[in-house]
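K.L.:
If you scroll down you'll find the structure; I have some questions about it.
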């Protein structure tokens, strides 16, 4: 039996620069996620783990995007836990759009 994937998206606001914010508070697992810094942001968005900061995060300039894909193991598609991916910003109020594949059994 195959799998169907629905595309879903939401915005994450980094209200306070220097404070890492998880993409979600609950466990959303996905094989692929794209993060896009809003073009209207005043500075970059940083992507990483719970300790994300300018020294260790992947920086997206306004308008840039990054797609993360989980690798497959033993023929099974891996999953990214969105509550374990964090964003931070160089300025208060910068936003990132999160677009992901939501798997449902077909």
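K.L.:
Within the range 16-49, can you find the residues that are surrounded by fewer than 11 Cβ atoms within 10 Å (Cβ to Cβ) and modelled with pLDDT of 95 or more? Please lay out each step first, then the result.
P.N.:
Taking the range 16-49 first, the residues surrounded by fewer than 11 Cβ atoms within 10 Å (Cβ to Cβ) are 25-27, 39-40.
If the condition is that a residue be surrounded by fewer than 11 Cβ atoms within 10 Å (Cβ to Cβ) and modelled with pLDDT of 95 or more, then 39, 40 are the ones that fit.
K.L.:
I'm trying to understand the selection: among the residues of the range 70-82, which are more than 13 Å from residue 29 (Cβ to Cβ) and not in a loop (DSSP other than H, G, I, E, B)?
P.N.:
Once the filter is applied, which keeps residues that are more than 13 Å from residue 29 (Cβ to Cβ) and not in a loop (DSSP other than H, G, I, E, B), the range 70-82 yields 72, 73.
K.L.:
Among the numbered conditions (1) buried (at least 17 other Cβ atoms within 10 Å of the Cβ); (2) more than 15 Å from residue 17 (Cβ to Cβ); (3) within 11 Å of the chain's Cα centre (by Cα), tell me where residue 83 comes up short.
P.N.:
It fails just one condition, (1).
K.L.:
A further question on this structure: Can residue 16 be described as more than 27 Å from residue 103 (Cβ to Cβ) and assigned to a loop (DSSP other than H, G, I, E, B)?
P.N.:
So residue 16 passes the test.
K.L.:
State all residues of the range 56-69 that are assigned to a strand (DSSP E or B) and within 17 Å of residue 38 (Cβ to Cβ); if no residue qualifies, say none.
P.N.:
58, 59, 60, 65, 66, 67
K.L.:
Among the residues in the range 1-12, are any surrounded by 15 or more Cβ atoms within 10 Å (Cβ to Cβ), over 10 Å from the mean Cα position of the chain (by Cα) and not in a strand (DSSP E or B)?
P.N.:
no
K.L.:
Tell me which of these residue 56 doesn't satisfy, since it passes every other one: (1) surrounded by 12 or more Cβ atoms within 10 Å (Cβ to Cβ); (2) touching a strand residue (DSSP E or B) at 6+ places or on another chain (Cβ under 7 Å).
P.N.:
Here residue 56 meets the rest and fails (1).
K.L.:
Scan the range 24-48 for residues that are in contact with a helix residue (DSSP H, G or I) (Cβ under 7 Å, 6 or more places away or on another chain) and assigned to a loop (DSSP other than H, G, I, E, B) and jot them down.
P.N.:
Result: 24, 25, 26, 27, 28.
K.L.:
Within 16 Å of the chain's Cα centre (by Cα), modelled with pLDDT of 95 or more, crowded, with 17+ Cβ neighbours inside 10 Å and in a strand (DSSP E or B): is that true of residue 101 in this structure? Give the steps one after another, and end with the answer.
P.N.:
Details: within 16 Å of the chain's Cα centre (by Cα): yes; modelled with pLDDT of 95 or more: no; crowded, with 17+ Cβ neighbours inside 10 Å: yes; in a strand (DSSP E or B): yes.
No: the conditions fail for residue 101.
The values are calculated or read from the model by the stated rules, or taken from the named source; none is laboratory data. Here the structure is a predicted model, which means the values were calculated and not measured. FYI the Cβ positions are ideal-geometry reconstructions off the backbone, even for glycines, and counts take in every protein chain you see.
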